[in-house]
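Inspection log for the structure reproduced underneath, given as structure tokens.
The values are calculated or read from the model by the stated rules, or taken from the named source; none is laboratory data. A quick note: this is a predicted structure, and the numbers were derived from the prediction, not measured. All Cβ positions, glycine included, derive from the backbone under ideal geometry; neighbour counts span all protein chains shown.
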Amino acid sequence: MAIQEIVCRTLMAIIIAGIVGYERENKNRPAGFRTHILVCLGAAVISMIQIYDMEYVAEMIKSNSELASALKSDVGRLGAQVISGIGFLGAGTIIHEKGSVKGLTTAASLWAVACIGLAIGRGYYYLSIISAICVVIVLVSLKKLEDKFREKCKEVHLQVEYFNDNKEEVTHEISTYFEEQKIKIKNIEFLLEEDEIDDDKKYSQYISSRYTILMPRCTNKEAIVGRLSEKADVIKIEVL
């Protein structure tokens, strides 16, 4: 492979990944400008290593035809390792905080950039450029569309109190009910408290869960509260 081709592919990887990384950096995401560039550049290098391996094996066989049955070059092996291996970096960008998951889009952009890097390293320029344009459109333009969709939903905060003994069952029932009503759970906070339950001053722990939900504007908030209050293990539910 000529030195000019190597320089062209590495620069292309830096430029394309830099554009995607800049968008993530501008949104103050965990993986930004430099991270995306390094991922794409590394993937491109892996692809070029594969090409070098193929050329080397071809030269060896050309100089000694007896090695044809002994030497092999797997074209996709290293690339497959990059695609699966990038998962550890993507997992590092996913933040789980108070029941909400953040960073999935950034993890996906890292994975996409790695795939584009492999294409650049193999010399698939048209595929790389078109793919990069599509990634940027998804990150920038579709984000506005997603925000418009969210505007159609209203954010509601509910506090649900229920006995700790049936925590998993009640949580599952509430989540299932929200799913049936097309209500998205944005965040859940759990707070353990103590409540007096009889005249003997005996105490039993109960859980106070604070749900932040995205409810369609056509949905009746009072009806949702009333339906949840009917559940046997629910002590109290109120809108915050």
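A few comments on the model shown:
- In segment 1-19, the residue that is farthest from Ser131 (Cα to Cα) out of those that are under 31 Å from the mean Cα position of the chain (by Cα) and in contact (Cβ under 8 Å) with a residue 40 or more places away in the chain is Arg9.
- Looking only at segment 43-65, and only at residues there that are under 30 Å from Thr93 (Cα atoms) and over 21 Å from the mean Cα position of the chain (by Cα), the one that is surrounded by the most Cβ atoms within 10 Å (Cβ to Cβ): Ala44
- Tally, over segment 194-240, of residues that are assigned to a strand (DSSP E or B), surrounded by 12 or more Cβ atoms within 10 Å (Cβ to Cβ) and at pLDDT 70 or above: 15
- Answer from Gly85, Gly90, Gly76 - the residue that is closer than 30 Å to Ile188 by Cβ and at pLDDT below 85: Gly90
- Any chance Leu145 is surrounded by fewer than 18 Cβ atoms within 10 Å (Cβ to Cβ), at pLDDT 85 or above and either on the phi < 0 side of the Ramachandran plot or among the hydrophobic types (A, V, I, L, M, F, W, C) (or both): no
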